[in-house]
Amino acid sequence: MLETTIAGSLPKPGWLAETEKLWPTWRQEGEALAAAKRDATILALKLQEDAGIDIVTDGEMSRQHFVHGFLENLDGIDFAKKVRMGIRDNRYEADCPSVTGPLKRRGSVHATEARLARAHTSRALKFTLPGPMTIVDTVANAHYRDRIEMAMAFADLLNEEARELAAIGIDVIQFDEPAFNVYMAEAAGWGIEALHRAIDGVSCKTAVHICYGYGIKANIDWKSGLGAEWRQYEKVFPALAASRIDQVSLECINSRVPAELMALLAGKDVLVGAIDVATDHVETPDEVAATIDGALKYVPAERLYPCTNCGMAPLSTELAYKKLTALSAGAALVRGRA
Ligand code: ZN
């Protein structure tokens, strides 16, 4: 009960990449880079285990960014043809690669690190992939008729990848869909339809992570303008409750999301964000327990998984580790009372 997990990413060591950056430059090349990614993956697993995390990830050590990591091994994408564009409804600008032809996987994208992670932990293992709607919001379209057609094409490739990951022994495959909090009506329509395509025939558990983003300035500014109550989730949770996705990962601590919105996810596992990734403050176990207690009013204990609000990639390793330790200590406090 109350098994802990993380949204996905962890800080990269300084010998692998630039630290405390969302789009870090690799510090190695070629075989040295491959070796550094392997070492960092094993270290990420070890740190999560030592912090008491029950359902661990590879920390996303092998990808530069949570969206573009998946795109790098696809045909149909031109990384040299970058387009500066507003993403997440123009919240910020990014240099996005272009889709210039039919999308196709050249082969497995993440099988190497998934196999490595599986070989080095006996804990339940989660693997993250970007969701179709978030991918199409982070690339420039120069080939498909519209975003929906492109999203379905990405969903088919994600499905091939997800089936392989499940066969490798991954226990949970999570699709990261921060775009679901931006384009709520579309998320409840073709966004979930694309997710269903991505999970079709996938034998392990499936999850979707919907958040208010990493703790970067553009997101903090956006959140400060969202008013006293953030009700974005209210528009998409009913559609997710009716979907075939097993788990929903959301932002909870230090957010203005009313806790009662979690009642809209009846029947789903809920990954409750009890660690803020936008502050340097290390939560106390009591603070973590208070967040879990708040969620327990709306989510049965057997469906509640204490988690981080979002990825920890831009934090320092030391801070992330302290926060993860607090997460498991807080969950233990609540468990101890039961
Ligand atoms: Zn997130």
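Worth a mention:
- Enumeration of residues in the range 74-125 that are in a strand (DSSP E or B), under 28 Å from Lys223 (Cβ atoms) and touching a residue at least 60 places away in the same chain (Cβ under 8 Å): Tyr92
- Residue-level analysis places Val182 among those that are surrounded by fewer than 24 Cβ atoms within 10 Å (Cβ to Cβ), of a type in the set (A, V, I, L, M, F, W, C) and within 16 Å of the ligand (Cβ to nearest atom).
- Against the list (1) at pLDDT 95 or above; (2) more than 16 Å from the ligand (Cβ to nearest atom); (3) out of contact with any helix residue (DSSP H, G or I) (no Cβ under 9 Å at 6 or more places or on another chain), the condition Ala228 fails is (1).
- Filter pass, Lys12 being assigned to a loop (DSSP other than H, G, I, E, B), closer than 14 Å to Ala313 by Cβ and at pLDDT 95 or above: yes
- Count of the range 3-55 residues which are touching a strand residue (DSSP E or B) at 6+ places or on another chain (Cβ under 6 Å) and under 28 Å from Ala331 (Cβ atoms): 9
- Per-region count, the range 243-270, residues among the small types (Gly, Ala, Ser) and more than 20 Å from Lys205 (Cα to Cα): 3
- So Ala239, is it surrounded by 15 or more Cβ atoms within 10 Å (Cβ to Cβ), small (Gly, Ala, Ser) and away from the ligand (no atom under 14 Å from the Cβ): yes
- Only one of Leu33, Leu16 that is free of Cβ contacts under 8 Å to residues at least 40 places away in the same chain, over 30 Å from Ile292 (Cβ atoms) and surrounded by 14 or more Cβ atoms within 10 Å (Cβ to Cβ): Leu33
- Listed by first and then second residue, the pairs linking a residue in the range 207-221 that is on the phi > 0 side of the Ramachandran plot to a residue that is within 8 Å of the ligand (Cβ to nearest atom), with Cβ atoms under 9 Å apart and 6 or more places separating them unless they lie on different chains, are Gly213/Pro178; Gly213/Glu251; Gly213/Cys310.
- Number of residues in the range 88-107 that are surrounded by fewer than 16 Cβ atoms within 10 Å (Cβ to Cβ) and under 16 Å from Leu158 (Cα atoms): the value is 4.
- Flag if Met1 is assigned to a strand (DSSP E or B) and either touching a residue at least 40 places away in the same chain (Cβ under 8 Å) or over 17 Å from the mean Cα position of the chain (by Cα) (or both): no
- When residues of the range 188-203 are limited to those that are at pLDDT 95 or above and of a type in the set (A, V, I, L, M), the one farthest from the ligand (Cβ to nearest atom): Val202
- Within the range 42-67, the set of residues being surrounded by fewer than 18 Cβ atoms within 10 Å (Cβ to Cβ), outside any helix (DSSP H, G or I) and of a type outside the set (Gly, Ala, Ser) comprises just one member, Asp54.
- Of all residues in the range 212-241, exactly one satisfies the criterion of being of a type in the set (Lys, Arg) and assigned to a loop (DSSP other than H, G, I, E, B), namely Arg231.
- Here is the figure for the range 204-225: residues that are under 23 Å from Leu265 (Cβ atoms) and more than 10 Å from the ligand (Cβ to nearest atom) total 6.
- Positions within the range 245-261 being of a type in the set (Asp, Glu) and more than 12 Å from the ligand (Cβ to nearest atom), in sequence order: Asp246, Glu260
The values are calculated or read from the model by the stated rules, or taken from the named source; none is laboratory data. What you see is a predicted model; the values in this text were computed from it and never measured. Glycine also receives a Cβ, built like all others from the backbone with ideal geometry; neighbour counts cover every protein chain displayed.
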